[in-house]
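Below is one structure; the comments refer to it alone.
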Amino acid sequence: MEYFLQNFINALQWGSFYALIALGYSMVYSILMLFNFAHGDIFMIGAYIGFCIASLFILLFGGAAPGWLVLILTIIVSMFLTSLLGVLIEKIGYRPLRNAPRASAAITGLMIGIILETSNIAIFGTKRIAFPQLVETVTYNISGVFITNKKIIIVAISLFLMAGLHFFIEKTKWGMAMRAMSYDFLTVPLMGISLNVIAPLTFAIGSALAAAAGILYGLAYPVLDPYMGILLGWKAFVAAILGGRGSILGAALAGFLLGFIEIFTAMIFPSTLRDLIAYSIILIILTVRPHGFFGKAHSSSLRL
Amino acid sequence: MKKLSLILTAIFFALFVLSTSGWCWGKKKTIKIGINAPITGDIPKVGENTKNTAKMWLEDIEKAGGIEIAGEKYPVEIIVEDNEAQAESAVKTNTKMITEDEVIIVIGPQSSKQAIPAGGVANSYATPMISPWSTNPDTTKDRPYVFRGCFLDPFQGPMLANFAKNEFGYTKAAVLYDVASDYPKGLAEYFKQSWEKNNGEGSVVSYESFTTKDADFSSQLTKIVNSGAEVLFVPQYYNEVALIVKQARELGWKKPILGSDSWGSSETITLCGSDCYGAFFSTHYAAAGAEGITKEFIDRYKEKYGYVPDDVCALTWDSLKLAQNAIESLTEFSGDIKKDRVKVKNNLAKIKNFEGVTGNMSFTSDGDPVKCAVIVKISDTGEFRFYKSVCP
Amino acid sequence: MKPIIRFKKFFRFFSAMPALGWLFGFLTAVIIEYLIGDNIAWMLGLPKIPALFGFLIMLKKPLLIPGASAYIIIVYLLPLTLTARFCSGTINKIAAKLYKLPTPVYTVLYLIFLYIIIDIWAGISDYRIVTIKLTFIAIILTLSLNVINGYMGEFSCSHTGFMALGAYTASTVTLILCANDKLFGEALLPSYLAPFLFPIALIAGGIIAAIGSLLVAIPSFRTRGDYLAIISLAFMFIVKSLIENLEVLGGARGMGSQPHLANLPTVFIWTALSIWIINNFVTSIIGKATNAVRDNETAANAMTVNTRKTKIVTFMFAAFWAGIAGGLFAHVLCYVNPGTFGIKKLAEIFTMVYFGGLNSVVGSIIGAISFNLASEALRPLELFKWIIIPVIMILIMIYKPTGLVAFKEFNIKKILAPKGDK
């Protein structure tokens, strides 16, 4: 039982990263029908920006400010800066391609990702960077189940962000505009909602979430490396599509599901077979539910 | 108009010819050494270290006025090629260096994924090659022209298993390794084999793996923590070590952790912090408390590039020194590159008790070095302290 | 104004040159290089014959730029221009005569001619051979991915998986039958049989890859586009993980010591074969059906196109060729490792397909060749290579979103036709 609970908590943490990154993918995918393959690398840049900001704060305040305050300030500032990057990428890479085939935009995203990785190496050098320990690790032992305060912080912040996004999408006017855009981005602009406002906004929110994921990732796995976003990004991409088009909740759930599948297959089966079994499960899910969890079968005009 | 353009073309061509021929005629024969390094790609740090070490070595040579062969000094040129950490690029660059640049010896590629195919190329062109860092037996197997600078898994794995048994009397071990990377995998297998030989079947109570670029090992570590193992063996690179050790501590692992030579980087402590204190690992040399040429090398490197050199630097340095040694003991530098290569290879194979920064070494008939390993303990101040020396 | 007109005039005679003329021009060039290339290089102050048209030398040693460009002008451009200027008429007559033969006959003749040129060119340096072989394999890969991504309009990410299946199957067959190695022991057959067995090994690899593709193709009956992207991605992860766990095949340590069977003529023949067959496929009825499925599946269905069958056949066909390419790849490197067939390789193939152009055989050939040459030529720039190539790619995507030569039919007859004199 403890064994199961322990893995449940592990999976909750691991899943929240997939979920946060998948949300960014899913936003761009739902609203603009694009695969933003640069998203994994935006996540990586977010972590690096977070590293810079956190180091700056530590330099400025020293030990005067409590760790959690620095963490929250870091998250807010980096989310803002990374969202600017997202807007920039949209403007340079995606806006000129709005009428092009979607696959072309996907390739552009891939290329932007490579540029981000390379420029990161050019700026920070090749060595890996240790993310500053903003919060002292405290381990709680609850009858054999080990929980650290970091795990609680990570899961809490990601759930908070997801709830915030859900509120934004469902309850605000901007969110309504976005939802409208995801139905039809040809007609909705005629109703006075500009695609040139909604698209950057989508990218900004997605990138901000990626930045938050990056910092939380740095908190949990404090080794930053220029290529850390690639694999995570592709897997989150799987989660985002699995969630279904136009469903923010679906992407978040699929992210958690992917985390749970990975952790629990490693728990039940020999861990060497983890990827084999985990992705076979995904394959089976897709064969049974071909349009993801919450997606609707889309019309043929929405093709690549 | 026509005349003018004709004259202009003529001048242009004359310039071509004049500008180029000046520095090529009457030039001395140079010794060319190829460096095949992963400067871009997955492991840029390894490439950078290789390149930096090679530059430092070249500086020495230039200060001395070149490599001396039979009383005459020849200038040295290093040709650095980027293999992008990809097998096909490594094959291309190796072919290029051997057939186009006519290098006398190739140093690199570092990781086995590139060193195995590149070694095949070097062997088929009868060009000596030293891979400083590749631990896969296939790299040098049946290839008389291919050598390596590091010790092999079949030595290191059992050595660590015996160490844990003899020193502390542990009987149950857990292993966590990267199944998609051949260095950790090889080491993990040999460790397991020898541990089970020592302590009986099933004494490796938990044998867990993950895939390259994973960051979360909590599921595997939970299994390990619950398996009742007394020691955890982690044959991983330092960036993963930091993550594994931290997560293990968070999941309540308080028992000792054992590592391999890939821990031997100053970055291990930078990334891992106090969680790694008290861990043991085997390596080629202990940076803290190093003596003699090893200390000299570490100090120089640190002064020049601002960080303590890791095992890649040390092994590359030794490989370059070995190459230099083999070239210096040529009886003449004929300029016929094919003959010279064969002679260099013969000299390399003959080297006995070469004193390198990673210890004394001799080559076996397979081209693998025989050298001692050092067991290092990470002290409570984060220094690598010499603990024990183990020789084959 | 005047220089421009003169410039145009200067190049006008190139337009009257048929494909045969270009081949003749290059033949003279490579023969010159073969016979006196060393002397010319020496006179221009170059250490050796520039291997890849001097790009490498230019970036490594900028001082040699004038020499290298002079070499290119003397050895390549001069013979080409002279042939075009003075021999166009004669060559056109020969081309016209050849043109009267049946199409397959003169195509084969042209191919033999082309191979002779490549062989002489590559004979100068083994570095050229390796580069050319890998470029040819890239052509097969690009073409086969273009069948799915371009002609069928799906976004498939599983190509490296198919390649891995092909590479491992072909290697297993050759290692069991023709090589002494530590995985499978002694060779079962004498070594002189190996070259004849190699095609069988490759085809076996292709067939296994095609069977593997069913795992992607069958779920794709029910899904479209986007879900296929993740199904294929999951397939890629599965294949990689599967091979890593198969200790029989060497696992993560990889599989080495394949016999040297993929020599230049073999790779050339397979590449020519793949271009021919893939071109026939995409212009056949089923190829047109794939296009119909891409443009509108429902309409295609209504027009009696069996969309299921079309998809499955196209998928298996493309996977087959990816498997062949994988087999060749394994035998060129004489080593395979599951890590090679990862996301990086996938991004590389995508780049080649979308650079060259969707739905176009010529485009794929151009894409593969230019990407490989550029990537080889820019290698000395190290890190900046990985900024320059993506920037070029983004610019291409912005100004030509479907690639350089997209939606063009590859018509061998048109290409090889003699140019009539006006």
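Structure notes:
- Residue match in segment B:250-268 (condition: in contact with a strand residue (DSSP E or B) (Cβ under 7 Å, 6 or more places away or on another chain), of a type in the set (S, T, N, Q) and not in a loop (DSSP other than H, G, I, E, B)): no
- Filter result for B:GLU84 (in a strand (DSSP E or B) and out of contact with any helix residue (DSSP H, G or I) (no Cβ under 7 Å at 6 or more places or on another chain)): no
- Residue pairs whose Cβ atoms lie under 7 Å apart, separated by 6 or more positions or on different chains, with the first residue in segment A:276-295 and small (Gly, Ala, Ser) and the second at pLDDT 90 or above, are A:ALA278/A:ILE261; A:ALA278/A:GLU262; A:ALA278/A:THR265; A:SER280/C:ILE238.
- For B:GLN236, the conditions (1) outside any helix (DSSP H, G or I); (2) farther than 26 Å from B:THR294 by Cβ all hold with the exception of (2).
- Whether a residue is in a helix (DSSP H, G or I), surrounded by fewer than 20 Cβ atoms within 10 Å (Cβ to Cβ) and among the aromatic types (Phe, Trp, Tyr) was assessed, and A:PHE8 passes this test.
- The number of residues in segment C:174-209 being outside any helix (DSSP H, G or I) and either touching a helix residue (DSSP H, G or I) at 6+ places or on another chain (Cβ under 7 Å) or surrounded by 13 or more Cβ atoms within 10 Å (Cβ to Cβ) (or both) comes to 9.
- Checked against (1) more than 25 Å from B:THR212 (Cα to Cα); (2) facing chain C (nearest Cβ under 8 Å); (3) touching a Pro at 6+ places or on another chain (Cβ under 9 Å), A:HIS291 passes all but condition (3).
- Residues of segment B:219-244 satisfying the condition of being of a type outside the set (Ser, Thr, Tyr) and either more than 27 Å from B:ASP310 (Cα to Cα) or at the interface with chain A (Cβ under 7 Å from one of its Cβ atoms) (or both): B:GLN220, B:LEU221, B:LYS223, B:ILE224, B:VAL225, B:ASN226, B:GLY228, B:ALA229, B:GLU230, B:ASN239, B:ALA242, B:LEU243
Residues checked against (1) surrounded by fewer than 16 Cβ atoms within 10 Å (Cβ to Cβ); (2) within 30 Å of B:ALA118 (Cβ to Cβ); (3) among the hydrophobic types (A, V, I, L, M, F, W, C); (4) in contact with a Pro (Cβ under 8 Å, 6 or more places away or on another chain):
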| position | (1), (2), (3), (4) |
| --- | --- |
| C:LEU261 | no, yes, yes, yes |
| C:VAL267 | no, yes, yes, no |
| C:THR290 | no, no, no, no |
| C:ALA300 | no, no, yes, no |
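- One residue alone among C:VAL313, C:VAL336, C:VAL362, C:VAL405 is over 18 Å from the mean Cα position of the chain (by Cα), closer than 26 Å to C:THR290 by Cα, among the aliphatic types (A, V, I, L, M) and modelled with pLDDT under 95, and that residue is C:VAL313.
- Residue, farthest from B:GLY108 (Cα to Cα), within segment B:38-91, restricted to residues that are among the charged types (D, E, K, R) and out of contact with any strand residue (DSSP E or B) (no Cβ under 9 Å at 6 or more places or on another chain): B:GLU72
- Residue in segment C:94-115 that is part of a helix (DSSP H, G or I) and crowded, with 21+ Cβ neighbours inside 10 Å present: yes
- Against the conditions (1) part of a helix (DSSP H, G or I); (2) at pLDDT below 90; (3) more than 14 Å from B:THR50 (Cα to Cα); (4) aliphatic (A, V, I, L, M), B:VAL312 satisfies every one except (3).
- Residue within segment B:176-191 that is aromatic (Phe, Trp, Tyr), over 18 Å from B:SER282 (Cβ atoms), out of contact with any strand residue (DSSP E or B) (no Cβ under 9 Å at 6 or more places or on another chain) and free of Cβ contacts under 8 Å to residues at least 40 places away in the same chain present: no
- In segment A:120-160, the residues that are surrounded by 16 or more Cβ atoms within 10 Å (Cβ to Cβ), at the interface with another protein chain (Cβ under 7 Å from one of its Cβ atoms) and out of contact with any strand residue (DSSP E or B) (no Cβ under 8 Å at 6 or more places or on another chain): A:ILE121, A:THR126, A:LYS127
- Against the criterion of being crowded, with 23+ Cβ neighbours inside 10 Å, under 18 Å from C:THR28 (Cα atoms) and not assigned by TED's automatic domain parsing to the domain that holds C:PHE317, C:ILE91 qualifies.
- Positions within segment C:265-281 being under 13 Å from the mean Cα position of the chain (by Cα) and hydrophobic (A, V, I, L, M, F, W, C), in sequence order: C:VAL267, C:PHE268, C:ILE269, C:TRP270, C:ALA272, C:LEU273, C:ILE275, C:TRP276, C:ILE278
- Pick from segment B:185-218, criterion part of a helix (DSSP H, G or I) and surrounded by 24 or more Cβ atoms within 10 Å (Cβ to Cβ), ranking: nearest to the other protein chains (Cβ to nearest Cβ): B:SER218
- The set of residues in segment C:40-74 being under 19 Å from C:ARG128 (Cβ atoms), in a loop (DSSP other than H, G, I, E, B) and small (Gly, Ala, Ser) consists of C:ALA51, C:GLY54.
- Only one of B:VAL342, B:VAL245, B:VAL308 that is out of contact with any strand residue (DSSP E or B) (no Cβ under 8 Å at 6 or more places or on another chain), closer than 28 Å to B:GLU167 by Cβ, of a type in the set (Val, Ile, Thr) and in contact (Cβ under 8 Å) with a residue 12 or more places away in the chain: B:VAL308
- Residues that are surrounded by fewer than 24 Cβ atoms within 10 Å (Cβ to Cβ) and outside any helix (DSSP H, G or I) were ranked within segment C:360-404; the one that is farthest from the other protein chains (Cβ to nearest Cβ) is C:LEU404.
- Taken as a whole, the structure leaves B:GLN86 outside the set of residues that are under 19 Å from B:LYS321 (Cα atoms), among the polar types (S, T, N, Q) and surrounded by 18 or more Cβ atoms within 10 Å (Cβ to Cβ).
- Of all residues making up segment C:114-128, the number that are within 11 Å of another protein chain (Cβ to nearest Cβ) and either under 21 Å from C:GLY25 (Cα atoms) or modelled with pLDDT of 95 or more (or both): 3
- Residue tally, condition within 14 Å of chain A (Cβ to nearest Cβ), not hydroxyl-bearing (Ser, Thr, Tyr) and not in a loop (DSSP other than H, G, I, E, B), over segment C:141-158: 5
Per-residue answers, yes or no, for (1) part of a loop (DSSP other than H, G, I, E, B); (2) closer than 22 Å to B:TYR238 by Cβ:
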position	(1), (2)
B:ILE35	no, no
B:ILE39	yes, yes
B:GLU48	no, yes
B:TRP57	no, no
B:GLU62	no, no
B:VAL91	no, no
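The values are calculated or read from the model by the stated rules, or taken from the named source; none is laboratory data. This structure is a prediction, so every number in the text was calculated from the model and none was measured. We place every Cβ from the backbone using ideal geometry, glycine too, and count neighbours over all the protein chains shown.
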